[in-house]
Amino acid sequence: MAVAELEREVRRHNHLYFIEHSPVISDYDFDMLVEELKRRKPESKVLREIGNDISGKFKKVRHEVAMLSLDKAYDLKTMESWAEKFEGDIIVSPKIDGCAMSLRYGADGTLQLAATRGSGTVGEDVTPNIRFVKDIPQKIALKNVEVRGEIYMPLSVFKRYKEEFANPRNLAAGAIKQKDPTKTGEYSLSFWAYDILGAGAKDEVEKRRLLEKNRFPVIEWKLIKKDKIHEVFEDYLKRREKVDYEMDGVVYKANLVSEQERLGFTAHHPRFGIAFKFQGDSGVTTLKDVEWSVARTGVITPIGIVEPVELSGAMVSRVSLHNYGLMKKLGLSKGAKVMMMRRGGVIPNLEWVVEKGKGEIEAPRKCPSCGSKVELRDDFLYCTDAKNCVQTKVGELKHFVSVVEIDGLGDVLLEKLYAEGLVTDASEFYELAAANLSTLERMGDTLATKLIRNIQSRRELPLDVFLRSLGIREVGRHTSQILAREFGTLEHVLTVTQEQLSSIHTIGDVIATEVVGGLKAKSKLIDKLLKFVKVQKGEPKNEASGPFKGMSFLFTGSMLTMVRSDAEKLVEEKGGTIASGVSKTLDYIVVGDGGGAGSKLDKAKKLQSKGEKVKIVNEKEFLKLVKQ
């Protein structure tokens with residue numbers, strides 16, 4: 001590739017990433033393009049250009065201090081060379097794949113302006129939208145300061161969009177630029193602060209303490225010696241799949257502000273900071289065909305069939321293309337050479353087209369399941385008769401069987417049961433007799449009897465399992481467990497209001513609306529199921545003996561001495577329970593020493609001020625309790 005073409009490619013991919021929010025190559029491959037340009041033309045102007053996310057839809061704002069990119073490294077040698085250039089320790093934190101945001105607070109401490117990074121020197125004013133991100137304080141004690149951080153969508157929130165959007169970063173970028181600011185709030189975005197300007201801090205540790213004191217959720221951090229660069233990188237890499245956000249590397253900064261000032265900046269990045277990036281496992285394969293699948297929601301989803309390719313030790317031959325609109329943006333065609341990647345070593349993604357194919361892919365005009373007319377809404381294809389669509393109805397049955405864990409009812413058998421009219425909704429499983437099944441092809445008396453026994457063994461269900469089995473959007477494992485814990489009985493859950501639900505931590509308005517509306521829509525099915533199924537009360541109380549018996553704990557912020565799940569396990573082993581949120585009944589809230597405690601800590605302090613029993617302890621104090 002000629003140098004001029006290389007420069008055009010770097011600019012093109014910057015535009016796709018920051019403006020279109022639809023990258024067609026991985027971060028790693030983009031970085032390799034940049035490295036190649038550095039090698040062949042180190043003086044290129046393109047290398048000094050910063051990705052630009054200015055859409056032109058919002059008022060432009062000039063940054064008082066440029067918001068630059070970070071230099072990147074993919075090997076330890078580069079990192080060690082960087083660390084030799086300054087004195088003192090290094091502050092380390094995960095690199096979040098989100099959207100950089102600048103927050104300016106005025107002389108009275110109120111939020112005056114929120115701006116995107118934009119070109120680095122000029123951003124866009126999104127203040128009305130950012131007021132709907134709950135993590136961001138509207139007023140702080142500090143005056144005339146600028147706080148910088150990352151807007152991101154937690155992976156637990158992205159789960160409800162993953163069939164429709166490629167990744168949480170792109171969705172977050174679109175969410176903060178909604179024309180109607182209230183819609184930004186519907187996406188349950190989060191914020192992590194990582195810098196503060198104008199506060200006179202001497203080092204990065206002091207900055208983070210100031211941010212925490214002013215109620216900002218602070219990104220997890222560690223202060224390390226230079227000889228721990230690789231050790232901490234390996235630690236974050238191992239934890240990558242356990243965190244609730246997309247982490248694509250580790251950020252390292254010189255801790256001392258005096259050293260930062262001495263090192264200064266290039267036109268592209270600060271010399272005192274660098275990102276040590278993770279590499280995704282990728283491979284090129286051929287797109288053989290596209291199949292169309294109808295989800296239980298009625299959305300018709302394209303599924304790519306590719307020549308088998310090994311990624312992270314697993315052979316991949318099928319990949320979700322998410323939605324029709326994304327498939328068109330990628331320019332997919334049969335026979336195309338495509339780049340596949342496992343992001344974080346887990347989820348296979350079709351990243352971009354390496355070489356176009358010749359076979360055109362046409363969207364179905366009729367539902368591949370029932371033959372009804374197909375409707376295109378935005379980027380999504382829908383069956384217009386989902387209530388009577390065979391694949392949609394069978395999808396609902398599959399969901400129920402999977403959640404309730406009825407063994408032996410595979411996809412083919414479920415389709416036969418529905419086609420024969422034996423099971424048209426979940427309640428009818430319990431009306432089946434062995435005689436009904438034995439009439440089906442390849443179904444003997446022994447197998448039929450065994451399947452009926454499996455079904456009948458699932459007549460008593462935990463409340464969270466029953467709620468999840470209904471197939472209500474947003475009622476997954478997390479939400480169903482919260483409902484079971486908070487309300488205790490199905491009767492109570494069925495009478496809960498949207499206002500009651502939205503006030504619960506991690507629920508919010510969007511989920512609350514879906515839950516209340518979904519329960520109402522499923523009322524007939526619930527009544528039919530209750531003729532056959534006994535629903536247990538909320539999760540049984542922990543009867544384990546131990547020093548924490550009868551006590552409830554809640555963890556907030558980033559823990560430095562252990563992973564939060566291990567700390568919660570310790571509590572349960574000693575007879576305690578893990579609370580779902582801050583309430584009057586909470587005994588202990590444990591604040592992680594890594595920062596980022598946020599609103600949970602604020603609520604606990606407010607309860608304390610009212611004389612409630614909740615105790616606030618740090619990690620050291622928690623470990624003392626454990627030893628006692």
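What to note about this one:
- Taking volume of the Cα convex hull per residue in Å³ as calculated from this structure, the corresponding entry among (i) 158; (ii) 182; (iii) 141 is (ii).
- For Lys615, the residues whose modelled amide H falls within less than 5 Å of its own, excluding neighbours fewer than 5 places apart on the same chain, are Tyr588, Ile589.
- For GluC sites (Glu not before Pro), the sites in the stretch 80-137 that DSSP calls loop and that have at most 13 other Cβ atoms within 10 Å are Glu84, Glu87.
- Proximal charge balance of Arg104 [Cβ under 12 Å; K/R count +1, D/E count -1]: 0
- When the stretch 461-535 is described by a simple charge dipole with +1 on each Lys and Arg Cβ and -1 on each Asp and Glu Cβ, the residue from Ser469, Phe532, Ile507 located farthest towards its positive end is Phe532.
- Whether the stretch 273-402 is rounded, prolate or oblate, judged on the alpha carbon gyration tensor where a/c under 1.5 counts as rounded: prolate
- Whole-Hz couplings from phi, Karplus 6.51/-1.76/1.60, listed for the stretch 189-196; x for Gly and Pro: 6, 10, 9, 10, 8, 9, 7, 9
- Residues whose placed amide H lies under 5 Å from that of Val122, excluding near-sequence neighbours: His63
- Relative contact order of the stretch 461-535, pairs being alpha-carbon contacts under 8 Å that are 6 or more residues apart, as %: 36 percent
- Computed from Cα positions, the angle between helix 390-404 and the longest principal axis of the chain comes to roughly 80 degrees.
- The stretch between Asp180 and Glu5, if pulled fully straight at 0.36 nm per residue, gains 59.0 nm over its current Cα-Cα span.
- Count Lys and Arg as plus one, Asp and Glu as minus one, and take only other residues whose Cβ is under 11 Å from that of Glu441; the net charge is then +1.
- Unit charges at the beta carbon, dipole of the chain: most positive-side option, Asn436, Ile361, Ser523: Ser523
- Gyration tensor verdict on the stretch 389-458 (Cα atoms; rounded if a/c is under 1.5, prolate if a/b is larger than b/c, oblate otherwise): oblate
- Helix 508-521 axis, angle to the chain major axis (alpha carbon atoms, nearest 10°): 10 degrees
- Interchain or long-range residues, amide H under 5 Å from Gln112's placed H: Arg104, Tyr105, Gly106
- A Cβ-based charge dipole, computed about the Cα centre of the stretch 389-458 with Lys and Arg at +1 and Asp and Glu at -1, lands at about 140 debye.
- When +1 charges are put on Lys and Arg Cβ atoms and -1 charges on Asp and Glu Cβ atoms, the dipole computed for the stretch 429-481 relative to its Cα centre reaches about 140 debye.
- Total charge dipole magnitude, the chain, about the Cα centre, Cβ charges on Lys, Arg, Asp, Glu only, Debye to nearest 20: 1160 debye
- Residue-averaged [θ]222 nm for the chain, counting only DSSP H segments that reach four residues, each worth -39500 (n - 2.57): -9500 deg cm²/dmol
- Each Cα pair under 8 Å and six or more residues apart adds its separation to the average, and for the chain the resulting relative contact order is 10 percent.
- Phi to ³J(HN,Hα) by Karplus 6.51 cos²θ - 1.76 cosθ + 1.60 over the stretch 439-449, Hz, x for Gly, Pro: 7, 6, 4, 6, 10, x, 4, 5, 5, 4, 5
- Normalising the average separation of contacting C-alpha pairs (under 8 angstrom, six or more residues apart) by the number of residues puts the relative contact order of the stretch 50-277 at 30 percent.
- Partnerless cysteines in the chain, where a partner means another cysteine C-beta under 4.7 angstrom, comprise Cys99.
- Förster-model FRET efficiency, 60 Å R0, Ala419 and Val563, C-beta, rounded to 0.05: 0.80
- Distance from the stretch 114-156 to the stretch 209-224 (C-alpha centre basis), Å: 16 Å
- Acute angle (nearest 10 degrees) that the helix 204-213 long axis makes with the longest principal axis of the chain, alpha-carbon atoms: 50 degrees
- Listed residues His268, Ser188, Ile229: farthest to the positive end of the dipole of the chain (Cβ charges): Ser188
- Computed 3J(HN,Hα) for the stretch 104-115, one whole-Hz value per residue from the Karplus formula 6.51 cos²θ - 1.76 cosθ + 1.60 where θ = phi - 60°, is 9, 10, x, 5, 9, x, 8, 5, 9, 8, 10, 9, glycine and proline marked x.
- In a fully extended conformation the segment linking Asp235 and Ser81 would gain 53.3 nm over its present Cα-Cα distance, using 0.36 nm per residue.
Only the coordinates and a few stated rules stand behind these numbers; no lab work does. None of these values were measured; they are calculated from a predicted model. Reconstructed Cβ throughout: ideal geometry from the backbone, glycine too, with neighbour counts over all protein chains shown.
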